[in-house]
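Below you'll find the structure, written out as structure tokens, and then a few comments.
Read-outs throughout are calculated quantities, based only on the coordinates presented, and are distinct from any laboratory measurement. Note that this is a predicted model, so its numbers are computed, not measured. Positions of Cβ are generated from backbone atoms using ideal geometry, with glycine treated the same way; all protein chains shown enter the neighbour counts.
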Amino acid sequence: MSERVNDQDLSPESKAFKYGLDVIDKTEPLIADYIRGELENQRTQLKLIASENYASPAVLLAMGNWFSDKYAEGTPGHRFYAGCEFVDKVEVLASEHAKELFDAEYAYVQPHSGIDANLVAFWALLAYRVEAPFLQDKEVRHVNDLNDGDWATLRKAFGNQRMIGMSLDAGGHLTHGFRPNISGKLFDQKSYGVDPDTECLDYANIKLLAEEFRPMIIVAGYSAYPRKVNFAKMREIADSIDALLMVDMAHFSGLVAGKVFTGDFDPIPHAHIVTSTTHKSLRGPRGGIVLSNEKGLNEHIDKGCPMVLGGPLANIMAAKAVAFAEAKTASFQAYAQQVVDNALALAEGIEKRGGRLVTGGTENHLVLVDVRSFGLTGRQAESALEESGVIVNRNSIPFDPNGAWYTSGIRLGTPALTSLGMDCDDMGEVADIICSTLSSTEPSQTKTGEISKAKFTLDQSFIAQSNGRCNKLLSMNQLYPNVNIEGSI
Ligand code: DSN
């Protein structure tokens, strides 16, 4: 907890947030209280959600201003609204920063989230591969110029395409063609999994599936796979069947930006199109981006709004520009390397204490623990750890016998704790808190005498001790050490 100090001694960051909260207090004090409460929670819990991070005060402040009030559908210089002088500057700057950061020819910074970025990418690929050749064949420039019969044919062609993506239990993502997401309703999808013995991707098998199924799109990328992906190999597979390679690097874009993933493991030179969120390991505001080096694809990506996106959020694009500027620095590269070093130290610490690691280890920012090694389901492990002061999410593991709700795993990520300044020694302590909690957790019995998949017992004094250990780590590695909001009216 920050100490109360005189206003004149406050840092600029403290003044910005403290006075901002004072303004909100005058209109809806409950919201000001909830904002303070969230900071307090984030300062007192060990955050190991692999997809979360802590954006800098500069990124946070760039989001909260009058850019939020401006409509700007279209692209810089080609808007459907007047008065976009500064929105244009913001979008161009964010896009230039992204191109330089990722060494990409083209960057579209409007998507509001990862799902949106993937939707933009899917529609751009469909427009590139299906719509544009069809219009050319019919010798018209625009879909509005097609007669009703040809339009019906084109619409059927959109719905008649195939894709492959990584299966959910192997660590793939719902937006990679699974039925609960629009991508699964739009495309005929088959998924590739991992080798049952190594739990790693088997490129020969992916190639076989691709040759058999002949998808138009191959999606690579994951949200719970603790290994690197060889994008050069994925591109070879795509080229061999004339498919388009799309990489969703939402989880590891910070490691690409920080030059930890290079060569075959950097997706930008290999994929036709790359999507990402901006708020995970990249440590920016919540949002998405689309990158490409493919000639002719950019004009279709540019149509993301209004094809599948609402008007761009200029305040968020401004915050993306700030985050990309931060990610271009040497200190961000050191951060990205530390994220990976910390994940390795965490993995080793957990394995040493009896936890089974999916794939036997990690090469990125995340660790997937098979909590059956502690006699628990993922659901029990997630809840017990929350009581201990450690925030994680339960996750399916390959061939999970407990299904997607209870699961057999927990996913741990190091981007947030690394942003706090924690190092490999700290990861030893984190591994010990996690493993001692899981070892001390006992599944309860259901009313019918079976072992529950959700309920458990954990000793209260143990919980207090664990929370104390978490708070000690957090007090030595404070969140926003120069932000003090104590004493707001
Ligand atoms: N945000 C993603 C994750 O937690 O990996 C899910 O969409």
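Tabulated values for the structure
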item: Residues of region 400-447 classified as surrounded by 16 or more Cβ atoms within 10 Å (Cβ to Cβ), within 16 Å of the ligand (Cβ to nearest atom), more than 15 Å from Phe374 (Cβ to Cβ) and small (Gly, Ala, Ser), total; result: 2
item: All helices (runs of 4 or more DSSP H) inside region 242-315 with 2 or more residues being farther than 18 Å from Glu91 by Cβ and within 16 Å of the ligand (Cβ to nearest atom); result: 253-257
item: Of all residues making up region 385-407, the number that are in contact with a strand residue (DSSP E or B) (Cβ under 6 Å, 6 or more places away or on another chain) and outside any loop (DSSP other than H, G, I, E, B); result: 6
item: Options Gly172, Gly77, Gly177: the member that is on the phi > 0 side of the Ramachandran plot and in contact with a strand residue (DSSP E or B) (Cβ under 8 Å, 6 or more places away or on another chain); result: Gly177
item: Members of region 40-90 that are of a type in the set (Gly, Ala, Ser) and either within 16 Å of the ligand (Cβ to nearest atom) or in contact (Cβ under 8 Å) with a residue 60 or more places away in the chain (or both); result: Ala50, Ser51, Ala55, Ser56, Ala58, Ala62, Gly64, Ser68, Ala72, Gly74
item: Close pairs (8 angstrom Cβ cut-off, 6 or more residues apart or separate chains): within 21 Å of Gly360 (Cα to Cα) and touching a residue at least 12 places away in the same chain (Cβ under 8 Å) in region 196-216, exposed (fewer than 15 other Cβ atoms within 10 Å of the Cβ) and of a type outside the set (D, E, K, R) anywhere; result: Pro196/Phe399; Thr198/Gly360; Glu199/Gly360
item: Test result for Asp22, in contact (Cβ under 8 Å) with a residue 40 or more places away in the chain, farther than 24 Å from Lys328 by Cα and of a type outside the set (A, V, I, L, M); result: yes
item: Complete set of residues in region 27-39 that are without any contact (Cβ under 8 Å) to a residue 24 or more places away in the chain and touching a helix residue (DSSP H, G or I) at 6+ places or on another chain (Cβ under 9 Å); result: Ile31, Asp33, Ile35
item: Filter result (within 16 Å of the ligand (Cβ to nearest atom), touching a helix residue (DSSP H, G or I) at 6+ places or on another chain (Cβ under 7 Å) and hydrophobic (A, V, I, L, M, F, W, C)) within region 200-228; result: Ala220
item: Tally, over region 26-60, of residues that are crowded, with 17+ Cβ neighbours inside 10 Å and over 29 Å from Leu385 (Cβ atoms); result: 1
item: Elements of type strands (runs of 3 or more DSSP E) in region 122-230, at least 2 residues being surrounded by 18 or more Cβ atoms within 10 Å (Cβ to Cβ) and among the hydroxyl-bearing types (Ser, Thr, Tyr); result: 188-192
